[in-house]
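Scroll down for the structure; my scribbles are underneath it.
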Amino acid sequence: MESVLAIIPARGGSKGVENKNIKKLNGEPLISHTIKEAKKSKYISKIIVSTDSLEISDISKKYGAKVPFIRPKNLATDKSLTYDVVKHCVDFYKHQNQVFDIILLLQPTTPFRSVNQIDKAIEILSKEKDFNSIVSVVDVDGNHPHRMKIIKNGQLLNYIDQGFEDMSPRQSLPKVYIRSGSIYAIRYEAFLKEKSLVSSKCLPLVISHEESINVDTINDFNYCEFIFNK
């Protein structure tokens, strides 16, 4: 099996929810849910957390992740790009003569992502040699582009102009998906060549709405607590 580097990015600053990545969810830090699922994987070679926070570092190590460095401050701002954060991790290991076949990004804000989906993504990407990446997506359901609007010069217009107002039932609209943010996996060479976590030849991994829940606000936290209690 190909070697896989799993990267969990978790900076200390958070505007929406203070200390979001280590805020307790179901009695444990948010980031722990991702670390614990990643540790169950049959294929991941190494799990690391990229953080600028010593507190996040200590907690991540407690749950079994490696924290081989403290992320530079210039890569831990609101405007820092995920690609640059991942590239920093890849370069760190390259300087130690360690190169992985697959780079896996697991964001800590999606606590319901399962190890089954993680391993499925790795298996599919390893098997489908004509593709260079795989990304988790979720059905947009009622939030469909044919129902979306823009406001231009004060006027409400269709985001996609079909020449008519589409009042079709949701079930009859063509399937549309959005990136869930749960799983990104890409071959090492494609990551470097295309400077992206989503290559030009990309496979989809369709996941459930529950597994795609992304924690950004306190309401998201409360909803996640509800699901855990359910």
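Annotations for the structure displayed:
- Filtered residues of the range 100-137 (kept if in contact (Cβ under 8 Å) with a residue 24 or more places away in the chain and closer than 14 Å to Lys201 by Cβ): Ile124, Leu125, Glu128, Asp130, Phe131, Asn132, Ser133, Ile134, Val135
Table: residues versus (1) under 20 Å from Ala38 (Cβ atoms); (2) in contact with a helix residue (DSSP H, G or I) (Cβ under 7 Å, 6 or more places away or on another chain).
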{"residue": "Tyr159", "(1), (2)": "no, yes"}
{"residue": "Ile178", "(1), (2)": "no, no"}
{"residue": "Ile183", "(1), (2)": "yes, yes"}
{"residue": "Arg187", "(1), (2)": "yes, no"}
{"residue": "Glu194", "(1), (2)": "no, no"}
{"residue": "Pro204", "(1), (2)": "no, no"}
{"residue": "Glu211", "(1), (2)": "yes, yes"}
{"residue": "Val215", "(1), (2)": "yes, yes"}
{"residue": "Asp220", "(1), (2)": "no, no"}
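- The set of residues from the range 33-62 being over 22 Å from Lys15 (Cβ atoms), touching a strand residue (DSSP E or B) at 6+ places or on another chain (Cβ under 8 Å) and surrounded by 15 or more Cβ atoms within 10 Å (Cβ to Cβ) comprises Ile35, Ala38, Ser41, Tyr43, Ile44, Ser45, Lys46, Ile47, Ile48.
- Flag for Phe69 being among the hydrophobic types (A, V, I, L, M, F, W, C), out of contact with any Pro (no Cβ under 6 Å at 6 or more places or on another chain), modelled with pLDDT of 95 or more and buried (at least 16 other Cβ atoms within 10 Å of the Cβ): no
- Residue list for the range 63-74, restricted to those being touching a residue at least 24 places away in the same chain (Cβ under 8 Å) and farther than 17 Å from Ile44 by Cβ: Arg71
Residues are listed down the side, and each one gets a yes or a no for (1) more than 26 Å from Ser114 (Cβ to Cβ); (2) modelled with pLDDT under 95:
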| site | (1), (2) |
| --- | --- |
| Ser133 | no, no |
| His144 | yes, yes |
| Lys149 | yes, no |
| Gln162 | yes, yes |
| Asp166 | yes, yes |
| Pro169 | yes, yes |
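- Residues within the range 160-174 that are exposed (fewer than 10 other Cβ atoms within 10 Å of the Cβ) and within 32 Å of the chain's Cα centre (by Cα), tallied: 5
- The set of residues in the range 138-185 that are free of Cβ contacts under 8 Å to residues at least 40 places away in the same chain and small (Gly, Ala, Ser) comprises Gly142, Gly154, Gly163, Ser168, Ser172.
- Single condition Val140 does not satisfy, out of (1) modelled with pLDDT of 95 or more; (2) touching a strand residue (DSSP E or B) at 6+ places or on another chain (Cβ under 6 Å): (1)
- Within the range 176-215, being over 10 Å from Val137 (Cβ atoms) and charged (D, E, K, R) holds for Arg187, Glu189, Lys193, Glu194, Lys195, Lys201, Glu210, Glu211.
- Within the range 1-24, being crowded, with 21+ Cβ neighbours inside 10 Å and in contact (Cβ under 8 Å) with a residue 40 or more places away in the chain holds for Val4, Leu5, Ala6, Ile7, Ile8, Pro9, Ala10, Lys20, Asn21.
- If you check Asp119, Asp91 for being touching a Lys or Arg at 6+ places or on another chain (Cβ under 7 Å), of a type in the set (Asp, Glu) and surrounded by fewer than 20 Cβ atoms within 10 Å (Cβ to Cβ), only one passes: Asp119.
- Candidates Val138, Val198: the one that is in a strand (DSSP E or B) and over 22 Å from Asn21 (Cα atoms) is Val138.
- Screening Asp141, Asp84, Asp101 for residues that are in contact with a helix residue (DSSP H, G or I) (Cβ under 7 Å, 6 or more places away or on another chain) and closer than 24 Å to Lys175 by Cα leaves exactly one candidate, Asp141.
The values are calculated or read from the model by the stated rules, or taken from the named source; none is laboratory data. All figures in this text were calculated on a predicted structure; none of them were measured in a lab. Neighbour counts are summed over all protein chains in view; Cβ atoms, including those assigned to glycine, are modelled from backbone coordinates with ideal geometry.
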